[in-house]
1. In whole Hz, what ³J(HN,Hα) sequence does the range A:31-42 give by Karplus (6.51, -1.76, 1.60; θ = phi - 60°), x for Gly and Pro?
2. Using a 1.4 Å probe on protein heavy atoms only, how many Å² of accessible area do A and B hide from each other, summed over both chains and rounded to 100?
3. Would you work out the charge dipole size for chain B about its Cα centre, treating the Cβ of every Lys and Arg as +1 and the Cβ of every Asp and Glu as -1, and quote it to the nearest 20 debye?
4. Could you work out, residue by residue across A:43-52, how many beta carbons of other chains sit within 10 Å of that residue's beta carbon, and then give the average as an integer?
5. Within 10 Å of each Cβ in B:119-126, how many Cβ atoms from other chains are there, averaged over the peptide?
6. Rank-order B:73-85, B:19-31 by packing density, defined as the average count of other C-beta atoms within 10 Å over each peptide's residues, highest first.
7. For the protein assembly as shown, report the accessible area per residue in Å² (1.4 Å probe, heavy atoms, rounded to an integer).
8. Would you compute, from DSSP H runs of 4+ residues alone, the mean residue ellipticity of chain A at 222 nm, taking -39500 (n - 2.57) per run and dividing by the full residue count, rounded to the nearest 500?
Amino acid sequence: MATTTPVGTLYRGGEGMWTWVLHRITGVGVFFFLFVHVLDTALVRVSPEAYDIVIATYKTPIVALLEVGLVGAVLFHALNGLRVIAVDFWSKGPRFQRQMTWGIAAVWLVVMVPGAYYMLMHSIEAMFGSTP
Amino acid sequence: MSAPSIETPRSLSRRNAQRSNFELYSWLFMRVSGIVLVFLVLGHLFIMNFLDGGVQRINFAFVAGRWASPFWQVWDLTMLWLAMLHGTNGMRTIINDYAERDQTRFWLKMVLYVSSAFIILLGTLVIFTFDPNLG
């Protein structure tokens, strides 16, 4: 626990504050993507060609990297949201909130390391791989 | 080290102001919709980004194949509505926290509500009126 003089701010630092900050940032980011994503999907009502052209940008290496970021943001938001619910509704939630924070960090890493590799595999092959 | 003095959170002049349980229901909605969205959104991301070559296999025909099934239509419709309402309510909280002027707060929320309503209606229309034989 950070021991700072409690003057000028209510936020004392520590894991709880940073998960709160990250929860807001990832929430806003995912929300803006959701707007874009409904708009791009709406192109299926325009024409198959229009939809396929826009979806092709999702398959480029740079956007693939952004997709890894999106999945990472959603996964953090989901895990931390479950932690918040546990703190609110589970009688022992507040006592174990810090352990749960490190728990979700571990789960996030275990999913994201192979996940990122798998999502970028096609881009890596397209850029560096040799096709027989 | 003395504790900082914290002012009473509700000023006396507003004590008789009308109260409603809206914020309680909004708080509860975030948790209930959040639990449902964990399954819907993580399932969606897993199918779209990891299964069978991920995003590389997505095109018009792929969408047509999925929305031929009522199961995925209901999945996507539920996900659309819950995610948009969850996200809009989150943005409302953030605007209330950071926009200090009454006018700024009011107009930011108006822009938020109008654009959210547009996206929800557009998405709903697309799912219900999708035509696999288009083009």
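1. Karplus-based 3J(HN,Hα) across the range A:31-42 equals 4, 5, 4, 4, 4, 4, 5, 5, 5, 5, 5, 4 Hz.
2. For chain A against chain B, roughly 3500 Å² becomes buried.
3. Values: 11 positive and 8 negative charges, 91 e Å.
Rounded to the nearest 20 debye, it is 440 debye.
4. On the way: counts 3, 12, 7, 2, 3, 9, 2, 2, 6, 6.
Partner Cβ neighbours, averaged per residue: 5.
5. On the way: counts 7, 1, 0, 5, 6, 1, 2, 7.
Across the residues of B:119-126, the mean count of other-chain Cβ atoms within 10 Å is 4.
6. B:73-85, B:19-31
7. So the protein assembly as shown comes to 64 Å² accessible per residue, rounded to a whole number.
8. -27000 deg cm²/dmol
The values are calculated or read from the model by the stated rules, or taken from the named source; none is laboratory data. Keep in mind the model is a prediction, meaning the values are calculated, not measured. Ideal geometry is used to build each Cβ from the backbone, glycine not excepted, and the neighbour counts take in all protein chains shown. Just the protein is used for accessible areas: all its heavy atoms, side chains included, with ligands, DNA and RNA removed. Shrake-Rupley method; radii C 1.70, N 1.55, O 1.52, S 1.80 Å.
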